[in-house]
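Written below as structure tokens is the structure these notes are about.
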Amino acid sequence: MTETIHDGYGTPTGIYGPVDDWATDLDHADPGYNPRAPEIWTELREAGCPIAHSDRYGGMWAPLTAELVREVAYDTERFTSHSVVVSTSRIETPRGIGGAPPITSDPPFHGLARRLLLPPFAPKQIEPWEPEVRKLCRQRLDDMGEITPGETVVDAAEQYAQHIPVNVIARMLGLPVEDDDRFRGFVHDALEGVNRSPEERKQGFERMEQYLDEHIERHRVEPRDDLISYLLDVELDGQKLSHEHVRGSIVLLLIAGIDTTWSAIGSSIWHLATHADDRRRLAIEPELIPTAIEELLRAYAPVTMARMVAKDNDFHGCPMKEREWVLLPFPAANRDPELFEQADEVVLDRAENRHAAFGLGIHRCLGSNLARLEVRVAVEEFIGRFPEFELAGDVRWSVGQIRGPRELPVRIL
Amino acid sequence: MRVRVDADKCQGHNRCYALAPELFDVDDYGQAVVIGDGEVPPDLEEKARLAVANCPEYAISLDETKD
């Protein structure tokens, strides 16, 4: 392994060295983790290690079974959501509220902040976006230019998957769609740069906040029909939201809405590029797609959340200390053989699928209806346009809590 | 057969509404509600079972006793 790891944005990353033992030195931001995370979870579970540990980041635990992940997700007393992205820095924000409500909030404030944001993301509000999402997907496919079957190689992550969620969330929020590169930069700083120095992380957050402050101000002067204006207008307990709350919720929607779904779309296409039988089956049985998407979400769930230990406690024999991190790897829970038969296999027509790709408990992904719509339509359109394709080179996986392909070369056949 | 939604457990994953819209609806907050009294006609029993088996929060239950 090289001494300095470059992350594709031209900056060296990481203050920690390579991992030598996943059970006692687990680092989800080690570049070796995401490419083979499912094998790591299986190896650890089979070796009798249902909870991995690391001294990195000031102490971190990682439960790896469905039952343990569920227990942590449901226990908002012992595990606070104050910080949900494991990193080298501990952000000081109001307890119970956090920097990006409601994802960083605990009860009782969480329920109030979440209730404000549920209606715009409810199923019947999201369904009408389908034609727009479809149009966007077709545009990206058109933009790939002339395709010579058997020769043309496209990057399904860079040229396709990454553009879809960023475009939709920018429009919902009321931010300029053409700033999409900048948004991906913000997301990269926040979620992939977790093992950089605290100073570097702070600078990244400041850049994002400065940008958002400017757009919030523009919405204050000239309200529009979008989510930023909605947040500026809405009241909680008879009062307008604080500037920090408005900005924090925008940060949440922007960051949570981009590379999560991009990862799910990319992983789904990666699976279909490497499993010709599944790809052909979907082409013949399009009515299977909704069920198949759930299975792809189970097997390639992109999001690992995190909690912070609220007070010293003994968790199944693990001496957890206040302010240590606890990773919540929903993707590992989704591959627990105790809960799923053939847990490590994709079974496209798996009818009973109690997966937790969108989390469990009070913090269920607010955008799950939008994410499902985007993943389904993006896969439908891709395989509709290109019924036959194959992997054409090395896949580069993301680094950190969101797992998905960042470079995905596929040859159109 | 009747279906029930435990409103305290439901977190709005929306699986039941997607799988069995004849039996479930969602409110303005995306929370699941049973349509009518939750009585399941014989031809929808399979869908009702699927809704139960796909709820990540174990919020849906079936009452199989005959009225």
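Residues that are under 16 Å from residue A:205 (Cα atoms) and more than 21 Å from the chain's Cα centre (by Cα): does the range A:97-106 have at least one?
Checked the range A:97-106: no residue is under 16 Å from residue A:205 (Cα atoms) and more than 21 Å from the chain's Cα centre (by Cα).
Could you name every one of the strands (runs of 3 or more DSSP E) located completely within the range A:307-409 that has at least 3 residues being crowded, with 23+ Cβ neighbours inside 10 Å, within 14 Å of another protein chain (Cβ to nearest Cβ) and among the charged types (D, E, K, R)? Spell out how you get there, then give the answer.
Values: elements: A:313-315, A:318-320, A:325-328, A:389-391, A:405-407.
Of the strands (runs of 3 or more DSSP E) lying wholly inside the range A:307-409, none has at least 3 residues that are crowded, with 23+ Cβ neighbours inside 10 Å, within 14 Å of another protein chain (Cβ to nearest Cβ) and among the charged types (D, E, K, R).
Would you check which residues across the range B:26-38 are exposed (fewer than 14 other Cβ atoms within 10 Å of the Cβ) and away from chain A (no Cβ under 11 Å) and list them?
Those that are exposed (fewer than 14 other Cβ atoms within 10 Å of the Cβ) and away from chain A (no Cβ under 11 Å): B:36, B:37.
Looking for something surrounded by fewer than 19 Cβ atoms within 10 Å (Cβ to Cβ), within 14 Å of chain B (Cβ to nearest Cβ) and aliphatic (A, V, I, L, M) - is there at least one such residue anywhere in the range A:99-117?
Yes, that holds for at least one residue.
Looking at the range B:40-66, I want the residues that are on the phi > 0 side of the Ramachandran plot and loosely packed, with under 14 Cβ neighbours inside 10 Å and have a partner that is in a helix (DSSP H, G or I) and among the acidic types (Asp, Glu) with Cβ atoms under 8 Å, at least 6 apart or on another chain. Which pairs are those?
none
Note down all Cβ pairs under 6 Å where the first residue falls in the range A:310-327 and is touching a residue at least 60 places away in the same chain (Cβ under 8 Å) and farther than 14 Å from residue A:56 by Cβ, the second is among the polar types (S, T, N, Q) and in a strand (DSSP E or B), and they're at least six residues apart or on different chains.
A:310/A:80; A:320/A:313
How many residues are closer than 21 Å to residue A:87 by Cβ, outside any helix (DSSP H, G or I) and either in contact with a strand residue (DSSP E or B) (Cβ under 7 Å, 6 or more places away or on another chain) or of a type outside the set (Asp, Glu) (or both) when one looks only at the range A:16-47?
Summing the residues that are closer than 21 Å to residue A:87 by Cβ, outside any helix (DSSP H, G or I) and either in contact with a strand residue (DSSP E or B) (Cβ under 7 Å, 6 or more places away or on another chain) or of a type outside the set (Asp, Glu) (or both) in the range A:16-47 gives 14.
Values in this text are rule-based calculations from the coordinates and carry no lab data. Small disclaimer: the values here were computed from a predicted structure and weren't measured. Methodologically, a virtual Cβ is constructed for each residue, glycine included, from the backbone with ideal geometry; neighbour enumeration extends over all protein chains shown.
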